[in-house]
1. Taking residue 381 as the residue in question, decide whether it is at pLDDT 95 or above, within 19 Å of the chain's Cα centre (by Cα) and surrounded by fewer than 19 Cβ atoms within 10 Å (Cβ to Cβ).
2. So how many residues does the stretch 212-258 have that are within 30 Å of residue 162 (Cα to Cα) and not in a helix (DSSP H, G or I)?
3. Scan the stretch 318-347 for residues that are under 25 Å from residue 71 (Cα atoms) and crowded, with 21+ Cβ neighbours inside 10 Å and report the count.
4. Which of the following residues is assigned to a helix (DSSP H, G or I) and at pLDDT 95 or above: 362, 350, 316, 354?
5. Does residue 99 satisfy the condition of being at pLDDT below 95 and surrounded by 21 or more Cβ atoms within 10 Å (Cβ to Cβ)?
6. Against the condition surrounded by fewer than 16 Cβ atoms within 10 Å (Cβ to Cβ) and either more than 30 Å from residue 329 (Cα to Cα) or touching a helix residue (DSSP H, G or I) at 6+ places or on another chain (Cβ under 9 Å) (or both), how does residue 187 come out, does it pass?
7. Among the residues in the stretch 377-389, are any out of contact with any helix residue (DSSP H, G or I) (no Cβ under 8 Å at 6 or more places or on another chain) and either assigned to a helix (DSSP H, G or I) or under 21 Å from residue 35 (Cβ atoms) (or both)?
8. With respect to residue 82, determine if the residue is surrounded by 19 or more Cβ atoms within 10 Å (Cβ to Cβ) and under 21 Å from residue 300 (Cβ atoms).
């Protein structure tokens with residue numbers, strides 16, 4: 001989320017910080033993640049399909065889309081990075097608010113309000129093109145909001161308790177899926193929206209984590225239909241689920257542990273080394289669970305193996321940004337990303353809700369063929385680049401005016 005949402009600037013830190021008291025690397029990392037999301041408007045898919053056989057654009061397209069089920073692309077790391085950064089910022093937020101005289105009850109109330117707003121904002125954004133409120137909770141903001149208050153409470157605990165909570169949460173969530181029975185011979189696969197012989201289905205024990213035949217899918221069939229709906233809920237086309245907020249909390253706890261490391265007083269490059277070692281260890285552990293069949297790496301249902309694997313990737317990305325920007329103090333180049341990262345709530349809304357409005361405005365004022373200046377194949381790049389530029393200029397104007405939207 002944004003630096004303002006997570007209050008990275010709420011407290012002074014021992015690690016190198018920018019003149020405004022913020023960890024520039026955290027803002028840049030957050031800005032990078034938001035840029036990946038905003039960059040969807042470039043539509044590498046259009047270019048790749050227009051230039052079949054071109055490996056370069058096929059590679060970019062793969063990393064601008066989610067994998068069908070198991071595995072990971074760069075795009076799949078957007079949501080875990082949001083969650084990771086929320087956890088990372090929490091120790092700074094708590095320390096800063098306590099230093100300003102804040103009481104636990106006041107802080108808890110703030111956390112509860114923040115949780116509610118994030119959940120509501122996620123529902124609002126998912127409902128923008130619906131005829132009525134679309135009650136769904138798999139949006140990034142809603143998922144973070146559902147777990148944020150629990151994360152806040154863990155922020156007052158010792159690291160050992162935080163690790164114990166992480167392990168307990170992942171094991172319990174794994175067990176819920178593992179103990180739920182596999183589909184029987186008469187199972188109605190049509191109702192689940194997934195063919196019985198879908199090429200991405202697992203076999204054997206790992207089949208407990210197949211799309212729309214798992215524990216979380218059954219929960220949503222009951223839970224989501226408690227709300228007024230335009231149509232009865234039978235399945236989520238992408239396989240996403242409400243209960244993913246539980247392992248998402250695990251990702252936030254991993255971020256919380258990273259935040260503890262940042263506040264530990266360790267020398268900057270020693271921290272970079274620890275980030276790298278921790279990241280590689282988590283990736284290896286997640287890979288072992290995946291390849292042994294104990295638990296597959298699936299982002300869409302946020303399996304425990306995904307929590308570990310993606311958490312490791314987040315640690316490596318953090319080591320990259322922190323190492324270059326804050327440890328080595330090469331900060332000037334990061335301004336482009338920092339502008340986005342310091343107002344990421346606005347960036348999120350611009351990308352998720354206003355990109356189409358900006359695009360339509362460009363067509364109105366520049367003509368419907370303005371984006372074909374380099375040919376039809378590259379039309380999405382021209383249009384997308386202009387949309388991105390306009391969105392960044394809005395964020396830059398807010399940055400210069402010191403306008404930062406907080407929740």
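1. In short, no.
2. Let us first name the residues in the stretch 212-258 that are within 30 Å of residue 162 (Cα to Cα), namely 214-220, 223, 239-258.
Filter again for not in a helix (DSSP H, G or I), leaving 214, 239-241.
Matching residues across the stretch 212-258 total 4.
3. Residues in the stretch 318-347 being under 25 Å from residue 71 (Cα atoms) and crowded, with 21+ Cβ neighbours inside 10 Å: 3 in total.
4. 316
5. Working: at pLDDT below 95: yes; surrounded by 21 or more Cβ atoms within 10 Å (Cβ to Cβ): no.
Taking the combined requirement at face value, the residue does not satisfy it.
6. yes
7. First, the residues of the stretch 377-389 that are out of contact with any helix residue (DSSP H, G or I) (no Cβ under 8 Å at 6 or more places or on another chain): 389.
Imposing the further condition that a residue be either assigned to a helix (DSSP H, G or I) or under 21 Å from residue 35 (Cβ atoms) (or both) reduces the set to 389.
Yes: the stretch 377-389 contains one or more residues that are out of contact with any helix residue (DSSP H, G or I) (no Cβ under 8 Å at 6 or more places or on another chain) and either assigned to a helix (DSSP H, G or I) or under 21 Å from residue 35 (Cβ atoms) (or both).
8. When the stated conditions are applied, residue 82 passes them.
The values are calculated or read from the model by the stated rules, or taken from the named source; none is laboratory data. Keep in mind that what you see is a predicted model, and the values were worked out from it rather than measured. Please note: Cβ atoms are built from the backbone with ideal geometry, for glycine as well, and neighbour counts cover all protein chains shown.
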